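Asks: One structure, pasted below without further comment.
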Amino acid sequence: MDPRPLWLLAELTYKCPLQCPYCSNPLDFAGPRFRRELATDEWCRVFREAKALGVLQLGLSGGEPTLRPDLEELVRTAHGLGLYTSLITSAYRLTRERLAGLKAAGLDHVQISIQGADAELSDEIAGTASYRDKIAAYHYTRELGFPLTVNVVLHRRNLHQVEALIRLAESLGAERIELANTQFYGWALHNRNALMPTKGQLAAAWQVVERERARLGTKLEIVWVLPDYHEQFPKPCMGGWARAYMTVTPAGEVWPCHAAGRITTLTFENVRDHPLDWIWEHSEAFNRFRGDAWMPEPCRSCPRKAQDFGGCRCQAFLVAGDADATDPVCSLSPHRHLIDAAVAQVERAARGERQPEEWTYRAAPASRALATKG
Amino acid sequence: MIPHLHAKARLQRDEVRGREVLLYPEGLVGLNPTGAEILALCDGARSLADIVATLERRYGASGLERDVTAFLDGLAAKGLVVYGP
Ligand code: SF4
Ligand code: SF4
């Protein structure tokens, strides 16, 4: 069987004490589709099946994965299988004891998000006072000898802090800082007008990144996730649809990526009904966009198709209304005007010609309200 | 010069693909048998010269220093191998 997956993102729960308006979780995370969370033994089976299928990297994510009381047991199982295991957490109320227990269970790497470089902005964006917990947890990871990634999702309200964020990660002795420009899925798409940066902001931030990369070398790896709306060509879809990556959601649905569940024209299978290798190899959703036979023009005859795989299927569905279309971010796409319009709207707001928009925080009541609205 | 793996990196057998891999945060490097052998010798005690000498003895070869250094330097550039005193 070829290709085989290398990466598994296990979204252990969609419960989260934070309320980030850019959250990539589904808008209906609080709805019935995700309610019945997998039990400990079900997750352990998923990890075993993933390892047998070829997975080597495991991300434990959410929502907030530390809300699972069985996290230590899940880590122990994953470690026993030889999976390189990363915890992706907000660090809210995360104690030194809990982290020490996870270290003993075999956790390899910790990624802690932060929403801004100071308590005031970070807590405002998170919608929950959490900055102090994060800083404390960063120090615990150092004391306990974990490799540390500081993760920041960037958008209009915090892009001016890129330099301060890099300096913070440096002072903490982190191995990596991930500066992830907002990708517009889930809550981020819902809040797009409030989050979209201006061209000027991005250019200034990019200058800082280049300068700091040169200064820091291998001391701190600075990852810059491209703001694709401002690019000419789309990002490659996770190394190609269903080629290297899969996501298992809290209630056991398996997706080729963490955003794919929004494509309503696909049917997704559940680990409760099928073994993982069957889902990977035979399910309709995983096979739908494998390879390039599905591609329309302009992708079909484009030399870049081996590089970007026609871009993102989720974005094609969400923006152009057709998962089979060329990613609308591509300058060759007939739908590119939809992206340009979203970008232009923000430039007008920045010039004071429009009211800047407010965002909706990611929270269960808002989720239920949006779910009933459809 | 004593090369050793950075604490964030871990050697792992990839049974499914029949090879060793070096795993680290958000990434991995597939290794060929020689690469895996070199890294297995990077135990924090052997110097670069010891590692080269061990491999040359094992294979009855000479002049391996350039290749071993190039391999380790490549990983050092990614921050995966660190040279100690
Ligand atoms: S379809 Fe889009 S969101 Fe999904 S993996 Fe590909 S690029 Fe990412
Ligand atoms: S036309 Fe398709 S393959 Fe070519 S650059 Fe655009 S998205 Fe990529």
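Asks: Go through the residues of region B:61-69 one by one and say whether even a single one is closer than 26 Å to A:Lys219 by Cβ and touching a helix residue (DSSP H, G or I) at 6+ places or on another chain (Cβ under 9 Å). So that I can check it myself, show each step before the final result.
Replies: So in region B:61-69, the residues closer than 26 Å to A:Lys219 by Cβ come out as B:68-69.
Retained after the next criterion (residues that are touching a helix residue (DSSP H, G or I) at 6+ places or on another chain (Cβ under 9 Å)): B:68-69.
Within region B:61-69 (the criterion being closer than 26 Å to A:Lys219 by Cβ and touching a helix residue (DSSP H, G or I) at 6+ places or on another chain (Cβ under 9 Å)), the answer is yes, since at least one residue qualifies.
Asks: Six or more apart or on different chains, Cβ atoms under 8 Å: show the pairs whose first residue is in region A:96-113 and on the phi > 0 side of the Ramachandran plot and whose second is of a type in the set (A, V, I, L, M).
Replies: A:Gly106/A:Val75; A:Gly106/A:Ala78
Asks: While we're here: Going by the structure shown, is B:Leu28 surrounded by 14 or more Cβ atoms within 10 Å (Cβ to Cβ) and touching a residue at least 12 places away in the same chain (Cβ under 8 Å)?
Replies: When the stated conditions are applied, B:Leu28 does not pass them.
Asks: Same structure, new question: Would a scan of region A:277-295 turn up a residue that is surrounded by 19 or more Cβ atoms within 10 Å (Cβ to Cβ), more than 9 Å from ligand 1 (Cβ to nearest atom), modelled with pLDDT of 95 or more and farther than 22 Å from A:Pro5 by Cα?
Replies: No, there is no match, as no residue in region A:277-295 is surrounded by 19 or more Cβ atoms within 10 Å (Cβ to Cβ), more than 9 Å from ligand 1 (Cβ to nearest atom), modelled with pLDDT of 95 or more and farther than 22 Å from A:Pro5 by Cα.
Asks: Next question, about the same structure. Restricted to region B:10-55, and to residues that are part of a helix (DSSP H, G or I) and in contact with a Gly (Cβ under 8 Å, 6 or more places away or on another chain), which residue is nearest to the other protein chains (Cβ to nearest Cβ)?
Replies: Ranking the qualifying residues of region B:10-55, first place goes to B:Val16.
Asks: Then there's this: Within region A:171-183, how many residues turn out to be more than 14 Å from chain B (Cβ to nearest Cβ) and touching a Lys or Arg at 6+ places or on another chain (Cβ under 9 Å)?
Replies: Of the residues in region A:171-183, 3 are more than 14 Å from chain B (Cβ to nearest Cβ) and touching a Lys or Arg at 6+ places or on another chain (Cβ under 9 Å).
Asks: Out of A:Glu358, A:Glu347, report the one residue that is assigned to a loop (DSSP other than H, G, I, E, B) and charged (D, E, K, R).
Replies: Exactly one residue qualifies, and that residue is A:Glu358.
Asks: Please note which helices (runs of 4 or more DSSP H) are completely contained in region A:113-210 and include at least 2 residues that are of a type in the set (Asp, Glu) and farther than 21 Å from A:Ala366 by Cβ.
Replies: The helices (runs of 4 or more DSSP H) meeting that bar are A:131-144, A:162-172.
Asks: Another question about this same structure. What are the residues in region B:50-85 that are open to solvent by 60 Å² or more (accessible area, probe 1.4 Å), among the aliphatic types (A, V, I, L, M) and either at pLDDT 95 or above or within 10 Å of the chain's Cα centre (by Cα) (or both), if any?
Replies: Matches in region B:50-85: B:Ala70 only.
Asks: Look through region A:243-273, keep the residues that are part of a helix (DSSP H, G or I) and not aliphatic (A, V, I, L, M), and return whichever of them is nearest to ligand 2 (Cβ to nearest atom).
Replies: A:Arg262
Asks: Something else now. Is it the case that A:Val150 is open to solvent by less than 10 Å² (accessible area, probe 1.4 Å), over 22 Å from A:Thr77 (Cα atoms) and hydrophobic (A, V, I, L, M, F, W, C)?
Replies: yes
Asks: Taking A:Leu172 as meeting all but one of (1) in contact (Cβ under 8 Å) with a residue 24 or more places away in the chain; (2) closer than 30 Å to A:His230 by Cβ; (3) open to solvent by less than 10 Å² (accessible area, probe 1.4 Å), write down the number of the exception.
Replies: (3)
Asks: Looking only at residues that are over 26 Å from A:Asn25 (Cβ atoms) and acidic (Asp, Glu) in region A:191-228, which one is surrounded by the fewest Cβ atoms within 10 Å (Cβ to Cβ)?
Replies: For region A:191-228, the residue satisfying everything is A:Glu210.
Asks: Now a separate question. In region A:229-242, how many residues are more than 11 Å from ligand 2 (Cβ to nearest atom), open to solvent by less than 30 Å² (accessible area, probe 1.4 Å) and under 14 Å from A:Ala259 (Cβ atoms)? First the steps, then the outcome.
Replies: Applying the first criterion (more than 11 Å from ligand 2 (Cβ to nearest atom)) to region A:229-242 yields A:229-230, A:238-242.
Checking which are open to solvent by less than 30 Å² (accessible area, probe 1.4 Å) leaves us with A:229, A:240-242.
Add one more test, that the residue is under 14 Å from A:Ala259 (Cβ atoms), and what stays is A:241-242.
Count: 2.
Asks: I'd like the residue in region A:75-86 that is among the hydrophobic types (A, V, I, L, M, F, W, C) and within 11 Å of chain B (Cβ to nearest Cβ) and, out of all such residues, is surrounded by the fewest Cβ atoms within 10 Å (Cβ to Cβ).
Replies: A:Leu81
Asks: While we're on this one: Look through region A:310-337, keep the residues that are within 7 Å of ligand 2 (Cβ to nearest atom) and either open to solvent by less than 50 Å² (accessible area, probe 1.4 Å) or within 20 Å of A:Asn193 (Cβ to Cβ) (or both), and return whichever of them is nearest to the other protein chains (Cβ to nearest Cβ).
Replies: This residue is A:Gly311.
Asks: Across region A:347-374, which residue is most open to solvent (accessible area, probe 1.4 Å) among those that are in contact with a helix residue (DSSP H, G or I) (Cβ under 7 Å, 6 or more places away or on another chain) and within 30 Å of A:Gly63 (Cβ to Cβ)?
Replies: A:Glu358
Asks: Further question: I need the full set of residues from region B:3-25 which are in contact with a Pro (Cβ under 7 Å, 6 or more places away or on another chain) and in contact (Cβ under 8 Å) with a residue 12 or more places away in the chain, in order please. Spell out how you get there, then give the answer.
Replies: Taking region B:3-25 and keeping what is in contact with a Pro (Cβ under 7 Å, 6 or more places away or on another chain), we get B:7-8, B:25.
Those that are in contact with a Pro (Cβ under 7 Å, 6 or more places away or on another chain) and in contact (Cβ under 8 Å) with a residue 12 or more places away in the chain: B:Lys8, B:Pro25.
Asks: Does at least one position in region A:298-309 carry a residue that is surrounded by 15 or more Cβ atoms within 10 Å (Cβ to Cβ) and within 12 Å of ligand 1 (Cβ to nearest atom)?
Replies: Yes, that holds for at least one residue.
Asks: Would you check if there is a residue in region A:211-221 being within 16 Å of ligand 1 (Cβ to nearest atom) and not basic (Lys, Arg)?
Replies: Scanning region A:211-221, I find no residue that is within 16 Å of ligand 1 (Cβ to nearest atom) and not basic (Lys, Arg), so the answer is no.
The values are calculated or read from the model by the stated rules, or taken from the named source; none is laboratory data. On a predicted model such as this, the values are computed, not experimentally measured, just so you know. Glycine gets a Cβ as well: all are built from the backbone with ideal geometry, and neighbour counts include every protein chain shown. Ligands, DNA and RNA are stripped out before the accessible areas are found, and what is left, the full protein with its side chains, is counted by its heavy atoms. Shrake-Rupley method; radii C 1.70, N 1.55, O 1.52, S 1.80 Å.
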